[in-house]
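The values are calculated or read from the model by the stated rules, or taken from the named source; none is laboratory data. From a predicted model like this one, the values you see are computed outputs, not experimental measurements. When we count neighbours, we look across all protein chains shown, and the Cβ atoms used for this are built from the backbone with ideal geometry, even at glycine. Surface areas here come from the heavy atoms of the whole protein model, side chains and all, with no ligands, DNA or RNA. Shrake-Rupley method; radii C 1.70, N 1.55, O 1.52, S 1.80 Å.
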Amino acid sequence: MRHTLPLPDFTHERVEVMTGSRSGLFIAVALHSSVLGSALGGARLWTYPHWSDALGDALRLSAAMTLKNAAAGLNAGGGKSVIGLPEDTVLDADRRRAAFLDLGDAVELLGGQYRTAEDVGSTTDDMLTVSERTAHVVGLPSTVGGSGEPAGPTSLGVYASLQAVLERVTGSADAADRRITISGLGQVGGRLASRLAENGARLTVTDINPARREFAESLGAAWVEPGTEHLIAGDVFVPAGIGGLLTDEVIDALDVKAVCGPANNPLAERSGAGRLADRGILYAPDFVVNAGGVIYLDLEAKQTGTSDEIMARVAGIGDTVRTILDDSEARSITPLQAAEELAAARLRAGAQVGVR
């Protein structure tokens, strides 16, 4: 499925756009905000119908990172980078390496105001390539002393969020026998599915990669074709793939009590938050739910706390979701608005004291 999103308002501090000198690929590095410190956000490698779609993705994702890092209580600003592949492009190993060397050069241009990491389509090994051209990269492979793959912490934060949501809509945080649909079985969605299966959830899943069906069957999950998953009745719908899935049409067809998942920017339009509320569907904002990975990467890079302390901080995302839902209910506003206001308050405080 393709979900082309409109360009967001331009509120960024700096954006670098270039054609990679080695790879010939479109590269964008978007610094949205450094109010709370050096920006942190991953590098996405993805196929787009047009270079402007790749740029739009970088702008949206970097703005979301500002909200994510602020709401998570990190001293980190928001940024994102995108390597855009033309349709039908397949990278061989040499051109992939060239692309991430080019990305390293682009990141270096910002002089430390932005730190990159792995994201959709990229890996910790790709970040090792980036590190040949810039020091402003986190999440290097554990084999070279880096913090490694952040999908585990991300999925832990999503699970903690899901427990908070289940508690609100069913009266119990227990996932056993709850009907949960997951759209996307990538690094985070797959880990989440495994955890839910272990805890007795009744899963329906899908992914654009048909090879993931075998994994789904190993979990005892029901498989549906991509594009039909939102039609399955259940307790919680989990968007775990690419953004823009929740169009008005999809929202109107949902038959669930809540939406809670790790996909960035799952709402095709911001108004979708109100549309979900009007239908009585609880929405846990993505940039709160999926913050586990960035919490892990930032605190590990800064050596802030022990491993157990950092993972406890990740699990605390569930409490942040509870706070947001409480505020939303008390003030009769959407959870999205409550989450945005939480982030905005932190940004205002950071600007006043000059956090760096």
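For L219, state whether it is closer than 21 Å to Q163 by Cβ, modelled with pLDDT of 95 or more and open to solvent by 20 Å² or more (accessible area, probe 1.4 Å). Give the derivation first.
Details: closer than 21 Å to Q163 by Cβ: yes; modelled with pLDDT of 95 or more: yes; open to solvent by 20 Å² or more (accessible area, probe 1.4 Å): yes.
Criteria met by L219.
Condition first: more than 20 Å from the chain's Cα centre (by Cα) and of a type in the set (A, V, I, L, M). Can you find one or more residues in the stretch 114-127 that meet it?
Step one: of the stretch 114-127, the residues more than 20 Å from the chain's Cα centre (by Cα) are none.
No, that holds for no residue.
Being farther than 20 Å from R195 by Cβ, of a type in the set (D, E, K, R) and surrounded by fewer than 24 Cβ atoms within 10 Å (Cβ to Cβ), is that true of even one residue in the stretch 229-245?
no
If you check Q303 against the conditions, is it part of a helix (DSSP H, G or I), open to solvent by 70 Å² or more (accessible area, probe 1.4 Å) and at pLDDT below 95? Full working, then the answer.
Details: part of a helix (DSSP H, G or I): no; open to solvent by 70 Å² or more (accessible area, probe 1.4 Å): yes; at pLDDT below 95: yes.
So Q303 fails the test.
Taking the stretch 230-274 as the search range and keeping residues that are among the polar types (S, T, N, Q) and within 22 Å of N209 (Cα to Cα), which one is modelled with the highest pLDDT?
Keep residues of the stretch 230-274 that are among the polar types (S, T, N, Q), which gives 247, 264-265, 271.
Of the ones still in play, those that are also within 22 Å of N209 (Cα to Cα) are 247, 264-265.
Numbers: T247: 97, N264: 89, N265: 90.
Filtering first and then ranking leaves T247.
In the stretch 204-213, is there at least one residue being of a type in the set (G, A, S), without any contact (Cβ under 8 Å) to a residue 24 or more places away in the chain and at positive phi?
So in the stretch 204-213, the residues of a type in the set (G, A, S) come out as 211.
Narrowing further to those that are without any contact (Cβ under 8 Å) to a residue 24 or more places away in the chain: 211.
Still in the list and also at positive phi: none.
Looking for residues that are of a type in the set (G, A, S), without any contact (Cβ under 8 Å) to a residue 24 or more places away in the chain and at positive phi, one finds none in the stretch 204-213, hence no.
Listed residues G77, G42, G37, G56; which is modelled with pLDDT under 95, open to solvent by less than 10 Å² (accessible area, probe 1.4 Å) and either more than 22 Å from D125 (Cα to Cα) or under 14 Å from the mean Cα position of the chain (by Cα) (or both)?
Values: G77 fails: modelled with pLDDT under 95; G42 fails: modelled with pLDDT under 95; G37 fails: modelled with pLDDT under 95.
Answer to the selection: G56.
Say whether the condition of being touching a residue at least 12 places away in the same chain (Cβ under 8 Å), more than 19 Å from S183 (Cβ to Cβ) and open to solvent by less than 60 Å² (accessible area, probe 1.4 Å) is met by at least one residue in the stretch 259-275.
yes
Please count how many residues of the stretch 256-291 are part of a loop (DSSP other than H, G, I, E, B) and either under 20 Å from the mean Cα position of the chain (by Cα) or over 20 Å from L196 (Cα atoms) (or both). Don't jump to the end; show me each part of the working.
Narrowing the stretch 256-291 to residues part of a loop (DSSP other than H, G, I, E, B): 256-257, 260-266, 268-271, 279-281, 284-285, 290-291.
Those left that are additionally either under 20 Å from the mean Cα position of the chain (by Cα) or over 20 Å from L196 (Cα atoms) (or both): 260-266, 268-271, 279-281, 284-285, 290-291.
Within the stretch 256-291, residues that are part of a loop (DSSP other than H, G, I, E, B) and either under 20 Å from the mean Cα position of the chain (by Cα) or over 20 Å from L196 (Cα atoms) (or both) number 18.
Name the helices (runs of 4 or more DSSP H) wholly within the stretch 99-215 that hold at least 2 residues that are open to solvent by 50 Å² or more (accessible area, probe 1.4 Å) and either farther than 28 Å from G79 by Cα or not acidic (D, E) (or both)?
Working: elements: 124-130, 151-170, 187-198.
Because the criterion is at least 2 residues that are open to solvent by 50 Å² or more (accessible area, probe 1.4 Å) and either farther than 28 Å from G79 by Cα or not acidic (D, E) (or both), the helices (runs of 4 or more DSSP H) in the stretch 99-215 that meet it are 151-170, 187-198.
Going by the conditions given, is V288 within 28 Å of G186 (Cα to Cα) and in contact with a strand residue (DSSP E or B) (Cβ under 7 Å, 6 or more places away or on another chain)?
Values: within 28 Å of G186 (Cα to Cα): yes; in contact with a strand residue (DSSP E or B) (Cβ under 7 Å, 6 or more places away or on another chain): no.
For V288, the condition - within 28 Å of G186 (Cα to Cα) and in contact with a strand residue (DSSP E or B) (Cβ under 7 Å, 6 or more places away or on another chain) - is not met.
Of the residues that make up the stretch 330-341, is at least one among the acidic types (D, E), modelled with pLDDT of 95 or more, closer than 22 Å to V35 by Cα and assigned to a helix (DSSP H, G or I)? Spell out how you get there, then give the answer.
Keep residues of the stretch 330-341 that are among the acidic types (D, E), which gives 340-341.
From the residues that got through so far, the ones that are modelled with pLDDT of 95 or more too are 340-341.
Narrowing the set further to residues that are closer than 22 Å to V35 by Cα leaves 340-341.
Subset that is assigned to a helix (DSSP H, G or I): 340-341.
Yes, some residue in the stretch 330-341 is among the acidic types (D, E), modelled with pLDDT of 95 or more, closer than 22 Å to V35 by Cα and assigned to a helix (DSSP H, G or I).
If a residue must be acidic (D, E) and closer than 25 Å to L185 by Cβ, how many such residues does the stretch 131-156 contain?
Within the stretch 131-156, the first condition is being acidic (D, E), and the residues that meet it are 132, 149.
Subset that is closer than 25 Å to L185 by Cβ: 149.
Going through the stretch 131-156 one residue at a time, the tally reaches 1.
When the residues of the stretch 19-38 are filtered to those that are out of contact with any His (no Cβ under 7 Å at 6 or more places or on another chain) and assigned to a strand (DSSP E or B), which remaining residue is nearest to A76 (Cα to Cα)? Write out each step before concluding.
We begin by selecting, within the stretch 19-38, every residue out of contact with any His (no Cβ under 7 Å at 6 or more places or on another chain); these are 19-29, 33-38.
Add one more test, that the residue is assigned to a strand (DSSP E or B), and what stays is 19, 26-29, 33.
Working: T19: 28, F26: 26, I27: 23, A28: 20, V29: 16, S33: 9 Å.
The extreme case among them is S33.
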